[in-house]
Amino acid sequence: MKNTLMYFLLLCLAMATRANADDQAPVSDSHLNSPQQPVIAIIMDDLGDRRANDLRAVKLPGSVTYSFLPHAPFTRQLAEIAYIDKKEIMLHAPMESIDGKATGPGSLLLNMSEQEFLTTLRSALESVPHVKGINNHMGSLLTRHPGYMQWVMQELNHGKGLFFVDSRTTDATVARLVADENGVPNAKRDVFLDNDRDQASIKKSFDHLVSIARRKGSAIAICHPYPETINALKNILPALKGMGIKLVSVSQLIRLQKKRNKTWQLSLSR
């Protein structure tokens with residue numbers, strides 16, 4: 001009863017802020033036609049374990065994308081709130097790492113059979129409502145194995161139309177190569193914003209993200225719901241317009257990258 005009441009109150013809070021949702025809603029792709037417009041996407045990882053702090057993260061302004069751990073106690077509640085606020089939702093899929101660290105419920109491991117692997121992945125996807133794509137949690141071991149990544153990409157492309165973002169926890173990753181082979185829309189992480197959690201370091205990492213976006217046209221950052229990160233983003237995000245940078249959802253950024261690559265290829269063929 002207590003958890004049900006809390007869930008209801010959280011949903012009421014989200015509905016109460018719906019009037020402001022237009023300011024936070026993803027921009028339409030029609031606003032992204034200019035090749036000079038640098039865009040960024042920010043993925044907030046590791047959500048679902050801590051209700052109060054994760055709720056602060058979910059209420060950040062702008063088109064931040066939220067990646068939820070499968071089967072975490074507050075994943076479903078907070079994903080519903082984020083969805084009401086028109087935020088994009090991802091699965092933060094735990095994958096086996098080189099150092100053997102525990103990756104939590106829903107982990108994809110090398111010792112699994114194909115059926116065990118797919119059952120685990122499907123259950124993880126079902127545990128996150130409104131999911132549009134996935135990125136790997138850890139995965140420095142699994143993402144370097146083509147066979148296992150083939151299973152992932154086939155599932156994402158099996159009538160689901162989901163995208164994949166490689167968190168790049170290892171330089172040996174083959175995830176994007178296998179995604180391309182299976183026609184799965186994909187991208188990679190360019191910057192971790194909060195490897196160091198002090199405000200100055202986060203700001204420096206954000207400046208690096210912006211410089212990549214200005215040079216390449218787009219860039220993706222991954223961060224975590226640390227209090228320091230949330231506070232830094234609350235200050236930084238409102239200033240993006242003045243910097244000439246547009247914050248978009250991950251799916252929009254992937255579509256824009258595909259469009260710009262197609263334009264570039266056409267220009268070479270002439």
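Points worth noting:
- FRET efficiency estimate (nearest 0.05) - Cβ-Cβ, K258 to D49, R0 45 angstrom: 0.85
- For the stretch 159-241, the Cα gyration tensor yields ellipsoid semi-axes of 27, 14, 13 Å (square root of five times each eigenvalue, largest first, whole Å).
- Over the C-alpha trace of the stretch 26-131, radius of gyration and Dmax come out as 15.9, 47 angstrom.
- Relative contact order computed over the stretch 67-189 (Cα-Cα under 8 Å; 6+ residues apart), in percent: 24
- Positive minus negative residues near H208 (Lys, Arg vs Asp, Glu; Cβ under 12 Å): +2
- Neighbours of H130 by Cβ distance under 11 Å: Lys/Arg scored +1, Asp/Glu scored -1, total +2.
- Considering all C-alpha pairs of the stretch 23-261, those separated by over 33 Å amount to 12%.
- With neighbours defined as other Cβ atoms within 10 Å of a residue's Cβ, the residues M95, M243 order from fewest to most as M243, M95.
- Counted charge near I245, where neighbours are those whose Cβ lies closer than 15 Å (Asp, Glu -1; Lys, Arg +1): +4
- Put simply, when 211-217, 146-152 are sorted by average Cβ atoms within 10 angstrom per residue, most first, you get 146-152, 211-217.
- Here the calculated FRET efficiency for N111 and D180, from their Cβ-Cβ distance with R0 = 22 Å, stands at 0.20, rounded to the nearest 0.05.
Quick note: the coordinates plus some simple rules give every number you see, no bench work behind them. Source: prediction; values computed, not measured. Cβ atoms come from the backbone with ideal geometry, glycine included; neighbour counts cover every protein chain shown.
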